[in-house]
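As structure tokens, the structure follows; a few thoughts come after it.
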Amino acid sequence: MLELKDLIPAVAGLMSITGHEGYDAARLAALFDGFEESYTDAVGNRVFVRRCGRENAPKILIDTHFDEIGLLVTDIKEGGFLSVTSVGGLDRRTLSSARVRVYGKEVIDGVITSTPPHLSSGERTLPAVEDLLIDTGYDTEVLRQLVRIGTPVGFAPEYRTLAGGRLSGKGFDNKACAAIAAHALMGLPAEALAGDVYLLLAVHEETDPVGGTAVGGFAIAPDYAMVIDVGLGFMRGADKRECITMGGGPAIARSAIVDRRLTAMTEALATRENIPWQTVVEAKSTGTDTECLHLVGGGISVVDVGLPLTAMHTYTEVLDLADAEALSRLVAAFVTDRELAEVFSYA
């Protein structure tokens, strides 16, 4: 098993634009080889299972969506250029001159065009995604043989280690959390587990408020669950009330849509295990799979946990590896805690 600092970029670097989450399924399976079982359901969710080896054990769900923002080709232009439209909430401010990959019959490197200031006049406005072009360098006729309308386009998987133990690159929302959860679960002996653990890599979160988590959660029917997603890391100029602190550990949400008892017990568990954590208030909505998952079937007890992240929905998202390590420890503590299993087991 890779070290966490290596597993995160390896998983985040896979292509999983919404609607194309299975593109790198074989590579994902090779990275997540420490699970007893895995399967893909009808909507494309990937589920990885760790068994505790006991009959009638409670079922514990760890939910992390696996899709990422990206683009789709809408037209092939003369001169080897592509027109595109967005998939998910792209930050348009960062698109001009971004390096991308076009996933056609071959993987093609490209650059989103940018008008230099020398050629712009008057007040510059932010162009719509549909007005941008991708320069591939290919001859138009060759390009038409490699790319068709609807071909997905993603950011180039380039990663940098920054000072202070921080990591920068694309796709951390939310594949970093998937990697962190998998790292925690693969490192645990079966006998330590408080129940059978299901890691759900849900599809369609970036484009659908219901997403694949409804299907996955309904089929698994867990006794209780932890939803893990990225949270808005504080940056200078942002409202501190809307953000969480980078390096402060995972954030546990206080919200109307989480289970209050499970949340309180998870907070107590983190404190008992000396895992740094912080509180975020999301009064009505957490903006995560929790919104759907807690209402699936007869209802699921859910705690919502966030990994601090800055530059979200860009190709240079930044996380703190100390937060990643703390979150991995919290996941491990959550799935091995027998008190949680006793309180929330409805078998």
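The values are calculated or read from the model by the stated rules, or taken from the named source; none is laboratory data. These numbers were taken from a predicted model, which means no experiment stands behind them. Cβ placement follows ideal geometry from the backbone for every residue including glycine, while neighbour counts extend to all protein chains displayed.
Here the range 23-57 is the region considered, the condition is being under 16 Å from the mean Cα position of the chain (by Cα) and charged (D, E, K, R), and the residue that is surrounded by the most Cβ atoms within 10 Å (Cβ to Cβ) is ARG46. One residue stands out among those in the range 98-124 that are among the small types (Gly, Ala, Ser) and under 18 Å from LYS77 (Cα atoms): the one that is modelled with the lowest pLDDT, which is SER114. The lone criterion from (1) crowded, with 23+ Cβ neighbours inside 10 Å; (2) touching a Phe, Trp or Tyr at 6+ places or on another chain (Cβ under 6 Å) left unmet by TYR315 is number (1). For the range 257-271, the criterion of being within 22 Å of ASP173 (Cα to Cα) and touching a residue at least 24 places away in the same chain (Cβ under 8 Å) is met by at least one residue. When ILE134, ILE60, ILE69, ILE112 are screened for being surrounded by 11 or more Cβ atoms within 10 Å (Cβ to Cβ), under 28 Å from GLU3 (Cα atoms) and out of contact with any helix residue (DSSP H, G or I) (no Cβ under 7 Å at 6 or more places or on another chain), only ILE69 passes. At pLDDT 95 or above and over 26 Å from PHE172 (Cβ atoms): is that true of PHE32 in this structure? For PHE32, the condition - at pLDDT 95 or above and over 26 Å from PHE172 (Cβ atoms) - is not met. Being hydrophobic (A, V, I, L, M, F, W, C) and more than 21 Å from LYS59 (Cβ to Cβ) is true for just one of ALA176, ALA184. Which residue is that? None of the others qualify; the one that does is ALA176.
Taking the listed residues MET235, MET226, the one that is over 17 Å from THR64 (Cβ atoms), assigned by TED's automatic domain parsing to the domain that holds VAL318 and either of a type in the set (A, V, I, L, M) or without any contact (Cβ under 8 Å) to a residue 40 or more places away in the chain (or both) is MET235, with no other qualifying. Taken residue by residue, the range 157-177 has at least one member that is among the hydrophobic types (A, V, I, L, M, F, W, C), assigned to a loop (DSSP other than H, G, I, E, B) and outside the structural domain of GLY104 (by TED's automatic domain parsing). Residues in the range 87-102 that are surrounded by fewer than 19 Cβ atoms within 10 Å (Cβ to Cβ) and either over 17 Å from the mean Cα position of the chain (by Cα) or over 30 Å from LEU330 (Cα atoms) (or both): ASP91, ARG92, ARG93, THR94, SER96, SER97, ARG99, ARG101.
Please tell me if LEU232 is in a strand (DSSP E or B) and of a type in the set (A, V, I, L, M, F, W, C). Judged against the criteria, LEU232 is a match. Of the strands (runs of 3 or more DSSP E) lying entirely inside the range 1-109, the ones with 2 or more residues being without any contact (Cβ under 8 Å) to a residue 40 or more places away in the chain are found at 37-40.
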